[in-house]
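The structure under discussion appears below in the form of structure tokens.
The values are calculated or read from the model by the stated rules, or taken from the named source; none is laboratory data. What you are looking at is a predicted structure, and each value in this text was computed from that prediction instead of being measured. No Cβ is skipped: glycine too gets one built from the backbone with ideal geometry, and neighbour counts run over all protein chains shown.
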Amino acid sequence: MLLEVRDLHVEFRTREGIAKAVNGVTYSVDEGETLAVLGESGSGKSVTAQAVMGILDTPPGRITGGRILFQGRDLLTLKEDERRKVRGARMAMVFQDALSALNPVLTVGDQLAEMFTVHRGASRKDARAKAVELMDRVRIPAARERAGQYPHQFSGGMRQRIMIAMAMALEPALIIADEPTTALDVTVQAQVMELLAELRRELRMGLVLITHDLGVVADVADRIAVMYAGRIVETAPVHDLYRAPAHPYTQGLLDSIPRLDRKGRELYAISGLPPSLTAIPTGCPFHPRCPRARDVCRTDDPPLYEVSADRRSACHFWRETLRKEPLDAPR
Ligand code: SF4
Ligand code: MG
């Protein structure tokens with residue numbers, strides 16, 4: 001196993017009290033595998049990734065429990081210098097906003113070259129050649145000339161390609177991409193996603209793809225973990241989840257995106273809003289919004305039930321969801 005997050009807990013101190021941003025998240029990613037982590041904003045998907053990357057630097061944030069195993073070693077107990085070495089060379093992150101992640105006063109060629117001079121001790125000339133090679137690889141046209149340009153001279157899609165090139169430069173075993181295409185328009189989104197998928201295949205990297213958009217992951221991910229209120233509510237191979245979700249939240253998300261195979265059907269909208277992380281509801285945290293909720297849901301927090309060997313659902317009534325009983329059925 002490449003990455004295993006086990007029972008991770010992260011809290012933030014806020015003016016309203018302790019915000020439980022991550023409440024016992026467990027997921028894993030194999031070598032060469034793509035895991036999509038899906039959830040609304042505030043579901044804890046980015047915070048989990050930041051804990052993995054060691055960039056939970058917003059001072060009030062704190063990991064209060066759990067383990068983060070990378071290639072079998074627990075990053076939370078490794079010595080600081082060891083940990084930095086692992087994170088610097090073996091994992092990399094792609095952010096939503098390339099413009100603020102790139103250095104505005106360095107040409108993109110110099111920024112890419114720096115990866116090789118700093119981390120690999122390459123000569124300036126070799127590093128420069130490698131930078132152009134990388135730009136070619138992420139299909140930036142006229143790479144040699146464009147290496148001399150600054151980040152603001154590139155389009156959003158091209159900048160995201162440069163971010164991907166930076167992330168790949170040291171051939172990490174794992175890339176975490178947090179909403180990598182959210183800021184881009186739809187056609188460019190598809191191209192960038194395709195590029196990520198292709199590089200992941202070629203380099204056999206593990207990829208954690210964080211998104212709020214179920215639409216972008218279907219063709220790219222192997223498995224999905226759906227998050228809600230700082231927890232995983234469902235995990236499944238991507239096609240199983242699309243075919244038959246086993247959690248009402250996932251079912252609601254699926255029913256709220258337009259799908260060709262369901263033309264003419266009215267789109268569903270999940271009622272209400274995600275809970276405040278300082279006041280997560282008792283029992284199942286989804287119960288105030290859940291059309292299937294019953295009394296037990298208000299008091300008993302559902303564990304991650306085993307739906308099948310490779311599927312889990314945190315719903316007491318996953319069976320009826322799986323059977324596709326309609327959400328508005330009378331009970
Ligand atoms: Fe809905 Fe109850 Fe299942 Fe939670 S446990 S998702 S409230 S049916
Ligand atoms: Mg986020």
When the range 197-235 is examined, which residues are found to be in a helix (DSSP H, G or I), within 28 Å of Ser313 (Cβ to Cβ) and more than 16 Å from ligand 2 (Cβ to nearest atom)?
Ala197, Arg200, Gly215
What number of residues within the range 18-52 are assigned to a strand (DSSP E or B) and within 16 Å of ligand 1 (Cβ to nearest atom)?
3
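Yes/no per residue for (1) within 16 Å of ligand 2 (Cβ to nearest atom); (2) in contact with a helix residue (DSSP H, G or I) (Cβ under 9 Å, 6 or more places away or on another chain); (3) at pLDDT 90 or above; (4) β-branched (Val, Ile, Thr):
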{"site": "Glu133", "(1), (2), (3), (4)": "no, yes, yes, no"}
{"site": "Ile162", "(1), (2), (3), (4)": "no, yes, yes, yes"}
{"site": "Met168", "(1), (2), (3), (4)": "no, yes, yes, no"}
{"site": "Ala183", "(1), (2), (3), (4)": "yes, yes, no, no"}
Among the residues of the range 55-97, which ones are of a type in the set (Lys, Arg), in contact (Cβ under 8 Å) with a residue 60 or more places away in the chain and touching a Phe, Trp or Tyr at 6+ places or on another chain (Cβ under 9 Å)?
Arg90
Note on the range 155-171: residues crowded, with 20+ Cβ neighbours inside 10 Å and either of a type in the set (S, T, N, Q) or in contact with a strand residue (DSSP E or B) (Cβ under 9 Å, 6 or more places away or on another chain) (or both) are Gln160, Met163, Ile164, Met166, Ala167, Met168, Ala169
Which of the helices (runs of 4 or more DSSP H) found entirely inside the range 60-127 contain at least 3 residues meeting this: within 23 Å of the chain's Cα centre (by Cα)?
80-90, 98-101
Of the conditions (1) closer than 27 Å to Ile224 by Cα; (2) buried (at least 16 other Cβ atoms within 10 Å of the Cβ), Thr117 satisfies every one except a single condition; which number is it?
(1)
Leading residue by the ranking (farthest from ligand 2 (Cβ to nearest atom)) among those in the range 303-326 that are in a loop (DSSP other than H, G, I, E, B) and in contact with a His (Cβ under 7 Å, 6 or more places away or on another chain)
Cys315
Taking the range 120-142 as the search range and keeping residues that are closer than 25 Å to Arg201 by Cα and in contact with a Phe, Trp or Tyr (Cβ under 7 Å, 6 or more places away or on another chain), which one is surrounded by the fewest Cβ atoms within 10 Å (Cβ to Cβ)?
Lys130
Members of the range 2-19 that are touching a strand residue (DSSP E or B) at 6+ places or on another chain (Cβ under 7 Å) and among the basic types (Lys, Arg)
Arg6
Would you call Ala293 touching a helix residue (DSSP H, G or I) at 6+ places or on another chain (Cβ under 7 Å), surrounded by 12 or more Cβ atoms within 10 Å (Cβ to Cβ) and small (Gly, Ala, Ser)?
yes
Find all pairs meeting these conditions: Cβ atoms under 8 angstrom apart; at least six residues apart or on different chains; first residue within the range 39-54 and more than 13 Å from Val226 (Cα to Cα); second residue more than 16 Å from ligand 1 (Cβ to nearest atom) and assigned to a helix (DSSP H, G or I).
Met53/Arg87; Gly54/Arg83; Gly54/Arg84; Gly54/Arg87
Within the range 236-302, helices (runs of 4 or more DSSP H) holding 1 or more residues that are over 18 Å from His316 (Cβ atoms):
238-243, 248-255
If I ask for residues that are among the acidic types (Asp, Glu) and modelled with pLDDT of 85 or more, which ones from the range 84-122 would you list?
Asp110, Glu114
I'd like to check something: does the range 173-191 contain any residue that is among the acidic types (Asp, Glu), touching a strand residue (DSSP E or B) at 6+ places or on another chain (Cβ under 8 Å) and under 24 Å from Glu11 (Cα atoms)?
yes
